[in-house]
Amino acid sequence: MTKPKMSVVMPIFNVEAFVGEAIRSVLDQSFKDFELICVDDGGSDGSMDIVRGFVDPRIRIICQQNRGLAGARNTGIAHARGAFVALLDSDDLWHRDKLALHYVHLTANADIGVSYAGSRMIDRDGNVLGVAMRPKIGRVTSRDIICRNPVGNGSAPVLRLSALGRATFPHAEDPTRNCWFDEGFRQSEDIEMWIRLAVKHGVVFAGVDGLLTDYRIIPGALSANVVKQYLSWTKLLRKLKTYAPEFALEHGETARAYQLRYLARRSVQLGNFKLARDFLSKAISLKPRMMIEEPRKTAVTAIAVLIGSILGRDRFAALLRPYLKNAA
């Protein structure tokens, strides 16, 4: 059998409301030379029945006991046959030309290891929200990655398999299994991987224009637990110090400040304004210059915290609903 040019890795765990739409967004790609590796991560709902309902020779199903998102991605990458690996979470969607645009980008630039693009935000029902991820594109530095995470989310990147190979390591408890994502992380596993690829292994990241992923915001999802996100971020910085102490010393606290400001905004969205104030206060104390270097984003965050504290959770959610719809 001829190897596909692209391998799409889709972890699947209890997503029966969304997985069919995610798969269709892959099968409808204008670029056709791919395999879709659906990793059954041991869920208990009807997700895999939906997957098996698709009849397409490009779909491959790999089953395993539950290992979490990082573990499911690792399994998918281990089975990938294409020269490029695209990641898509099973509740997100792709623009029809996503794979085509990244394929052109990567084949035209042999030194680029990771290609990414911006993302629209959608709510649970697929409504497009009034916010989007519009990252810095072109070639980015390691500092950009740790401080800004231009990749944005786990459904945005397409990676060169040879670049992934630089970051391979054996699983700590099962040396027969190769890992790329660190399965010790249940949050922040994406950015931990991007930082390690760039800082430790010298992989080049570059973005292309366009909002090519629809990133779904689901209230109550694991990513909504901002305290766990902060703890994962702290763990990430500790790991960074073990292999790049000088880089961590130079950029770690700045990156922490930007992360705290991001978590302040997430806390506002979740209606926890006290936590939002704490996060924003810590961010500004770590990097006071953010008020000068990025006055608009810092001021908007502070104003949102203030207005939310005055209005309360329900009235503030009503104020945001035209922008965040069913993600509010």
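Taking square-rooted eigenvalues a ≥ b ≥ c of the alpha carbon gyration tensor, is region 74-162 rounded, prolate or oblate, where a/c under 1.5 means rounded and, failing that, a/b exceeding b/c means prolate? It comes out oblate by the Cα gyration axes. Between the C-alpha center of region 1-73 and that of region 276-307 there is a gap of 40 Å. Using 19 Å as the cut-off for backbone N distance, which residues of region 188-202 belong to the label zone defined by a point 7 Å from the Cα of Lys228 along Cα→Cβ? Within reach of a label on Lys228, which here means backbone N under 19 Å from a point 7 Å along Cα→Cβ, region 188-202 contributes 188-193. Only DSSP H runs of four or more residues enter the estimate; each adds -39500 (n - 2.57), and after division by the residues of the chain the mean residue ellipticity at 222 nm equals -14000 deg cm²/dmol. Tilt of helix 295-311 relative to the longest C-alpha principal axis of the chain, in degrees (0 to 90, nearest 10)? The helix 295-311 is inclined about 70 degrees to the chain. A simple charge model with +1 on the Cβ of Lys and Arg, -1 on the Cβ of Asp and Glu and nothing else charged puts the dipole of region 263-303 at about 60 debye relative to its Cα centre.
Indicate the gyration tensor shape class of region 1-88 (rounded, prolate or oblate), computed on the Cα atoms with a ≥ b ≥ c the square roots of the eigenvalues: a/c under 1.5 is rounded; otherwise a/b larger than b/c is prolate and the rest oblate. Taking the square roots of the gyration eigenvalues as a ≥ b ≥ c, region 1-88 is oblate. Only Cα pairs under 8 Å and 6+ residues apart enter the sum, and on that basis the relative contact order of the chain stands at 17 percent. Shape of region 174-269 from the C-alpha gyration tensor: rounded (a/c under 1.5, with a ≥ b ≥ c the square roots of its eigenvalues).
Considering Cα pairs under 8 angstrom that are at least six residues apart, work out the relative contact order of region 31-173 and quote it in whole percent. Relative contact order, region 31-173: 24 percent. Cross-link pairs exceeding 28 Å between alpha carbons, from the set Lys200/Lys235; Lys235/Lys282; Lys98/Lys228; Lys5/Lys228; Lys136/Lys200; Lys98/Lys241: Lys98/Lys228; Lys5/Lys228; Lys98/Lys241.
The GluC sites (Glu not before Pro) of region 166-267 that DSSP puts in a loop, and whose beta carbon has at most 15 other beta carbons within 10 Å, are Glu173.
Once the Cα atoms are used to define both axes, helix 273-286 deviates from the longest principal axis of the chain by about 90 degrees.
Against the chain, whose longest principal axis comes from its Cα atoms, helix 226-243 is set at around 70 degrees.
Where a number appears in this text, it was derived from the coordinates with a stated rule and is not lab data. Only a predicted model underlies this, so the values are computations on that prediction, with no experimental measurement involved. Methodologically, a virtual Cβ is constructed for each residue, glycine included, from the backbone with ideal geometry; neighbour enumeration extends over all protein chains shown.
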